[in-house]
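Participant: This structure is in structure tokens; I'll ask about it shortly.
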Amino acid sequence: ASCGGCKPEVEGLLHLYAGDAISEPVKEGICGCTTLSRDEIVEGIKTMRLMSVKEVMHVLDWDNKDGCSKCRPSLNYYLGMLWPEEYVDEKESRFTNERYHANIQKDGTYSVVPRIYGGVTSPADLKKIATVAEKYDVPMVKFTGGQRLDLLGVKKEDLPKIWEELDMASGHAYGKTLRTVKTCVGSTFC
């Protein structure tokens, strides 16, 4: 999940397979904004009861006072992990895909995937998706491997209106989470 929690296991695998051929790891921070490691940051958040991304960056003396696209989502994750009841998630500190409920593509456009539970939908929802795709000149609509429809080539500025007009939950095709579960129509049809 890009938080660095699995780093010890990866280092252990390297030692197991490469043995003495590898050198001692050089201490480096989670990004160029700090020299602190994941463990040092988590320890600082815990011992000083830091409660916001900005507070962590200020108290732990970040070189880049605004952080970057790598450390801000990591800090947001650590704070939520350590203080699940008290921490208020900072949307602006999420990964781009999570902020916009869409996957950024190589060309800078986005992919929008409305949630379609088990691939079962209604004619009304299909019409709604088609209407929105036509209205916003979506260049490609594709069936995903997870039995959903993917609207590809969406402009960033159109994302809020598209989600509003779809009035459907996001299929969360962008998160580091459980994706769709493959299903069958069951005994009703087959």
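Participant: Scan the range 5-28 and tell me whether some residue there is part of a loop (DSSP other than H, G, I, E, B) and surrounded by 15 or more Cβ atoms within 10 Å (Cβ to Cβ).
Facilitator: Here is the first cut: in the range 5-28, the residues part of a loop (DSSP other than H, G, I, E, B) are 5-6, 22-28.
With surrounded by 15 or more Cβ atoms within 10 Å (Cβ to Cβ) added as a condition, the list becomes none.
There is no residue in the range 5-28 that is part of a loop (DSSP other than H, G, I, E, B) and surrounded by 15 or more Cβ atoms within 10 Å (Cβ to Cβ).
Participant: Sticking with this one: Out of the residues in the range 84-114 that are within 16 Å of the chain's Cα centre (by Cα) and part of a loop (DSSP other than H, G, I, E, B), state the one that is modelled with the highest pLDDT.
Facilitator: For the range 84-114, the residue satisfying everything is 113.
Participant: Any idea which of (1) open to solvent by 50 Å² or more (accessible area, probe 1.4 Å); (2) among the charged types (D, E, K, R); (3) modelled with pLDDT under 90 is the one residue 72 doesn't satisfy?
Facilitator: (1)
Participant: Criterion first (under 16 Å from residue 101 (Cα atoms), of a type outside the set (A, V, I, L, M), more than 19 Å from the chain's Cα centre (by Cα) and open to solvent by less than 60 Å² (accessible area, probe 1.4 Å)) does residue 125 satisfy it?
Facilitator: No: the conditions fail for residue 125.
Participant: Taking residue 104, is it in contact with a Pro (Cβ under 8 Å, 6 or more places away or on another chain) and of a type outside the set (S, T, N, Q)?
Facilitator: No; evaluated as a whole, the condition is false for this residue.
Participant: Going by the structure shown, is residue 171 in contact with an Asp or Glu (Cβ under 9 Å, 6 or more places away or on another chain) and either open to solvent by less than 30 Å² (accessible area, probe 1.4 Å) or at pLDDT 75 or above (or both)?
Facilitator: Yes: the conditions hold for residue 171.
Participant: Quick one: how many residues across the range 128-144 are of a type in the set (Lys, Arg), within 19 Å of residue 164 (Cβ to Cβ) and open to solvent by less than 100 Å² (accessible area, probe 1.4 Å)?
Facilitator: Total meeting the criteria: 1.
The values are calculated or read from the model by the stated rules, or taken from the named source; none is laboratory data. Just so it is clear, the model here is predicted, and its values are computed rather than measured. All Cβ positions, even for glycine, are placed from backbone atoms using ideal geometry, and neighbour counts span all protein chains on display. Please note that ligands, DNA and RNA were not included when accessible areas were found on the heavy atoms of the full protein model with its side chains. Shrake-Rupley method; radii C 1.70, N 1.55, O 1.52, S 1.80 Å.
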